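I have placed the structure first, in the form of structure tokens, so that the comments after it can refer back to it.
No value in this document is a laboratory result; all are computed from the given coordinates. Since the model is a prediction, treat every value here as computed from it, not as a measurement. Cβ atoms come from the backbone with ideal geometry, glycine included; neighbour counts cover every protein chain shown.
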Amino acid sequence: MMLDSFLVLSATKDPTAVERANLLNMAKLSIKGLIESALSFGRTLDSDYPPLQQFFVVMEHCLKHGLKVRKSFLSYNKTIWGPLELVEKLYPEAEEIGASVRDLPGLKTPLGRARAWLRLALMQKKMADYLRCLIIQRDLLSEFYEYHALMMEEEGAVIVGLLVGLNVIDANLCVKGEDLDSQVGVIDFSMYLKNEEDIGNKERNVQIAAILDQKNYVEELNRQLNSTVSSLHSRVDSLEKSNTKLIEELAIAKNNIIKLQEENHQLRSENKLILMKTQQNLEVTKVDVETELQTYKHSRQGLDEMYNEARRQLRDESQLRQDVENELAVQVSMKHEIELAMKLLEKDIHEKQDTLIGLRQQLEEVKAINIEMYQKLQSSEDGLKEKNEIIGRLEEKTNKITVAMRQLEQSDNDLLTQTRTIAMSLVKYASSDTQDQYKLVKDISF
């Protein structure tokens, strides 16, 4: 069998080394078969292409080899999504593919995300670049793989080198609608165990596919030529129509040119006549302007004399106005001083009125006390003498208060007299404000 030359079954070697060698040989067969079949197929590969499906299965087994079991609360988890997700941190351009995988709505398991990641990386033709930057960081890979894993040994670097050859093929894979979570990854060895009859059938199928492709190409080329010819015919028709229109427009344009030339000749003759009339009018206007200039020179002398007289009157009026404004400023300052004196007098009058009211209240209190003492005098004979003395003192105090009240009233009358005098003087100095002064005098003479 052909596969026996690639599988290592020696019992004397390390089992993990045998597993790595077997996976490496399967990867070589898968990548070689995929490239050869894709080049002979001559088209863009899709998800249903069997060699491509087997390639993803082999890659999944290679990435799973030596993967550590990660414990969780409910079960043991062993998935290749962890190391593939690490590529985003090591290779900034891989952030877009990681975000696209996480945004896919139909993926529910980490294994499904890893399968989608491999398909997108193949379409981008960067699977080799992504895995190369991953195997270089062995210290980071040790968190996910055992020390004897394929990705930790030289076989991983060999597989990454083989993946560079996949950049020559084009793949168009529909990841969004495909069920990647429940697929069973089983390697189909029958694809690599081929006899001569299968090889002959494959060559015939390839030849038939090439002939069909050539037929389809010729039919498509014929359709394109027919469409080109029809478009050229329509374009020729449109050009003929446009040419006819242009000839008609050219004849109309020639007629218009002849008419315009005749109109131009008429306009030139009319222009000469207008020019002659304009020159005659210009000469007449020139004579009139010279006459008006002489008249203006004679009238200018009289205007200068009137201007000097008006200027002298304006200077006199300005001086007179300045004197009036100074006198008005003096009157205003005197008015302010008189108003200030009036305010001070009013304040003094109000203070004396408040004092007079207080003295009247004291007089009322004294009268009340006198009445009360008089009543007590009648009800108590024992304190008659003392009460008589108290009454005498109270009467003396009453007399003093009465005298003080009379003095206050006399001073109040004097203040009123002074206020009236000031108001009359204010009237003399401010004759223009007669109505306001009259009101002020009336308010003072309350």
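How long are the semi-axes of the ellipsoid equivalent to region 277-370, from square roots of 5 times the Cα gyration tensor eigenvalues, in whole Å, largest first?
Each semi-axis is √(5λ); the values are 86, 17, 5 Å.
Taking the mean number of other Cβ atoms within 10 Å as a proxy for protection, how do you rank 91-103, 284-296 from highest to lowest? Walk me through the numbers before you get to the answer.
Working: 91-103: 14.9, 284-296: 9.6.
In decreasing order of mean packing, 91-103, 284-296 become 91-103, 284-296.
For Leu45, enumerate residues with amide H under 5 Å from its amide H, sequence gap 5+ or separate chain, H modeled in the peptide plane.
Those lying under 5 Å, H to H, from Leu45 are Asp170, Ala171, Asn172.
Ordered by packing density, taken as the mean number of other Cβ atoms within 10 Å over each peptide's residues, highest first, how do 395-402, 225-232 rank?
395-402, 225-232
Restricting to lysine pairs 8 or more places apart or on different chains, what number in region 15-194 have Cα atoms under 15 Å apart?
Values: Lys32/Lys194; Lys64/Lys78; Lys68/Lys78; Lys108/Lys176.
Final tally of qualifying lysine pairs is 4.
Need one number: nm distance between label points at Gln294 and Glu95, each 7 Å from Cα along Cα→Cβ, rounded to one decimal.
9.8
Would you mind getting me the FRET efficiency between Glu154 and Cys174? Use the beta-carbon distance for r and R0 = 45 Å, nearest 0.05. Intermediate results must be reported in sequence, preceding the final value.
Working: r = 36 Å, r/R0 = 0.79.
About 0.80, to the nearest 0.05.
Testing the spin-label approximation: label points 7 Å from Cα along Cα→Cβ at Leu275 and Lys376. State their distance in nm.
With each label point 7 Å from Cα toward Cβ, the separation is 13.6 nm.
Using θ = phi - 60° and the Karplus relation 6.51 cos²θ - 1.76 cosθ + 1.60, list the HN-Hα couplings for region 82-93 in order, rounded to whole Hz, with x at every Gly or Pro.
Karplus-based 3J(HN,Hα) across region 82-93 equals x, x, 5, 5, 5, 4, 4, 6, 8, 10, x, 5 Hz.
Would you please put 130-143, 342-355, 106-119 in order of how densely packed they are, using the mean number of other Cβ atoms within 10 angstrom per residue and starting with the highest?
Going from most to least packed, we get 106-119, 130-143, 342-355.
Across region 274-373, how many lysine pairs, 8 or more positions apart or on different chains, have C-alpha atoms separated by under 21 Å? Please give the number.
For region 274-373, the number of qualifying lysine pairs is 5.
Averaged over all directions, how much area does the convex hull of the C-alpha atoms of region 257-302 cover when projected, in nm²?
Convex hull of Cα atoms, orientation-averaged projection: 4.0 nm².
Rg to Rh for region 15-194: what is it, with Cα atoms only and Rh by Kirkwood?
Using Cα coordinates only, the ratio equals 0.94.
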